[in-house]
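Written out below as structure tokens is the structure these notes cover.
What follows is calculated from the coordinates using simple rules that are stated; it is not laboratory data. Nothing here was measured: the structure is a model prediction, and the numbers come from that model. Using ideal geometry, Cβ is built from the backbone for each residue, glycine included, and neighbour counts are taken over all protein chains shown.
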Amino acid sequence: MTQRTLRSMAAEPFGQQQLPLLQYTGDSSGPAFSENREEPFHRWVNWIAGFSADLVRDCIKDYMKREEGLVLDPFAGVGTALVEAIVAGYDAIGFEINPFAALTARTKLEALRGNPKYVDDLLSQFESWMHEAQQQGREPASAPPKGFRSRIDFFSPSILPQVLLVMDFIDELDSGLRRDLMRIAFGSTLVSYSNYTYEPSLCTRPGADRPLVEEADVKGIIAHKLSQMRKDIEQASRIPTSALGEGTLYHESFFGCVHTGRLKPSSVDLIVTSPPYLNNYHYVRNTRPHLYWLGFAESRDELRELEEESYGTFWQTVRNGPRIDLQFDLPEVSQLVDEIRSQRTEKGQYGGPGWANYAARYFNDSWRFIQLVEKLLRPGSTAVVVVGNHIIQGINVEVDRVLSEMGHKCGLHSDSHILRKKRVGDSITNSSVRRGSADVSLYETAVALRKS
Ligand SMILES: C[S@@+](CC[C@H](N)C(=O)[O-])C[C@H]1O[C@@H](n2cnc3c(N)ncnc32)[C@H](O)[C@@H]1O
């Protein structure tokens with residue numbers, strides 16, 4: 001089989017340039033998305049990705065047994081695995097509940113077959129429209145989104161009118177690829193000219209000791225993003241469409257995939273995925289600006305639904321609810337959760353009991369996930385699941401081992417590869433560092449689960 005990747009395609013007659021697609025070094029200490037930052041398509045939106053395009057390509061090379069077949073990413077994020085699978089010539093299906101991530105993943109799939117001309121037109125149309133509007137001092141028709149609250153002004157006074165004009169421009173576009181590309185260009189840049197920042201969670205700039213953003217050339221920043229996107233689409237257009245697989249992104253929870261008939265048992269040839277980590281990274285809160293400013297949400301209730309649907313939910317969602325018990329029988333995991341529950345009980349929801357609820361909900365969802373993996377894989381196929389260990393209330397929780405145990409219980413064979421060791425961790429980890437039990441290294445692992 002010829003592995004038709006962007007890189008190999010570029011080396012073939014259609015392309016001149018070697019694409020910097022694969023740069024996984026395995027020793028980065030930064031968040032996973034940093035490895036995707038320079039790569040075509042993957043650079044459109046920074047997302048806590050869990051893995052790089054490079055890793056996905058390796059998985060396809062190592063585990064895809066057939067010339068044709070289906071790659072699944074149940075937690076697709078902005079579509080790293082789907083893009084790589086399609087470019088390698090395989091069909092791909094992804095599920096993603098976050099509307100901004102889903103928009104991005106779906107648009108990438110469409111843009112891989114898109115005509116770069118559309119984006120040329122879009123870029124020049126956007127630049128001249130904005131230029132004219134600004135020259136004429138046009139009053140924006142758009143307004144800040146209803147229901148969006150921020151502790152300090154999200155955009156400074158000189159920036160807000162520029163943003164509202166961008167929204168006017170988007171409103172005038174017909175729905176379709178051009179509009180989606182424009183929304184992504186806006187969404188992927190909007191925090192950069194706001195008074196908020198990622199550290200890596202969303203917080204005010206002053207809270208992170210950074211100055212407010214008083215001035216910015218919003219048009220220029222978005223135009224730059226669009227021109228990157230245009231370049232990527234132009235490069236991809238050199239790949240004959242017959243060499244690309246078919247991609248589908250469902251903007252819905254993976255957990256319903258069999259029930260809804262999206263996927264049939266034993267139909268998947270390879271799963272490559274990185275579910276949310278057990279680090280309480282709050283995808284919903286961290287994308288609040290995108291969800292509101294792009295019109296995906298108007299109220300807190302809508303965000304709550306999304307939180308409830310999320311794999312593992314979040315500590316904030318379950319910490320003060322009724323005690324959550326495990327819905328499966330694995331004594332090692334029960335002991336682990338009991339141990340967490342017994343820590344700092346005097347702190348209630350902020351101590352062991354609250355965090356045990358979070359861990360229990362996370363593992364209950366992990367169990368549902370692993371059972372689905374077993375059901376969906378074709379015999380002889382593999383699922384590669386990238387997860388890490390986390391320190392919760394001073395206890396080292398090795399999620400990779402838990403998933404392996406769950407896999408065994410479902411009859412899957414497992415094998416783990418440490419992908420990288422990190423020196424610094426997330427907020428939960430820091431709490432253990434403060435408590436002086438920090439001699440545990442943090443790592444990320446690819447757990448390979450094989451169905452015989
Ligand atoms: C670690 S990220 C995956 C990122 C992805 N590897 C990429 O390259 O962008 C986990 C993703 O799972 C999504 N997610 C959480 N619960 C989900 C569910 N029940 N169904 C589908 N997606 C879900 C989150 O919104 C988040 O984007």
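The table below lists the values:
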item	result
Directionally averaged projected area (convex hull, Cα atoms, region 116-236), nm²	8.3
Packing-based exposure ordering (other Cβ within 10 Å, fewest first) of VAL78, VAL213, VAL284	VAL213, VAL284, VAL78
Given the chain, longest segment not containing exposed loop GluC sites (Glu not before Pro) (DSSP; at most 16 other Cβ within 10 Å)	299-452
Residues ASP365, ASP269, ASP171, ASP153 arranged by fewest to most Cβ contacts within 10 Å	ASP171, ASP153, ASP365, ASP269
Fewest-first ranking of ASP58, ASP400, using other Cβ atoms within 10 Å as the exposure measure	ASP58, ASP400
Within the chain: Cβ-based charge dipole about Cα centre, in debye rounded to nearest 20 (Lys, Arg +1; Asp, Glu -1)	560
Percent of beta bridges antiparallel (DSSP, the chain, rounded to nearest 5)	60
Stokes-Einstein D for region 316-423, Kirkwood Rh over Cα pairs, 37 °C, 0.692 mPa s (µm²/s)	221
Sum of side-chain charges, GLN228 neighbourhood, beta-carbon under 12 Å (Lys, Arg +1; Asp, Glu -1)	+1
Net charge of neighbours whose Cβ lies under 10 Å from the Cβ of VAL45, counting Lys and Arg as +1 and Asp and Glu as -1	+3
Ellipsoid equivalent to the chain - semi-axes via the Cα gyration tensor, in Å	36, 30, 19
Contour excess over end-to-end distance, with Cα ends at ARG323 and ARG149 and 0.36 nm allotted per residue	59.5 nm
Region 116-236 - charge dipole about Cα centre, Lys and Arg +1 at Cβ, Asp and Glu -1, debye rounded to 20	340
Leading residue at positive end of dipole, the chain (Cβ point charges), from ILE391, ILE370, SER452	ILE391
Anchor LYS451: lysines whose Cα lies under 19 Å away (excluding residues fewer than 8 positions away in-chain)	LYS61, LYS65, LYS264, LYS375, LYS409
Gain in span if fully extended, GLU139 to ARG262, counting 0.36 nm per residue against the direct Cα distance	39.7 nm
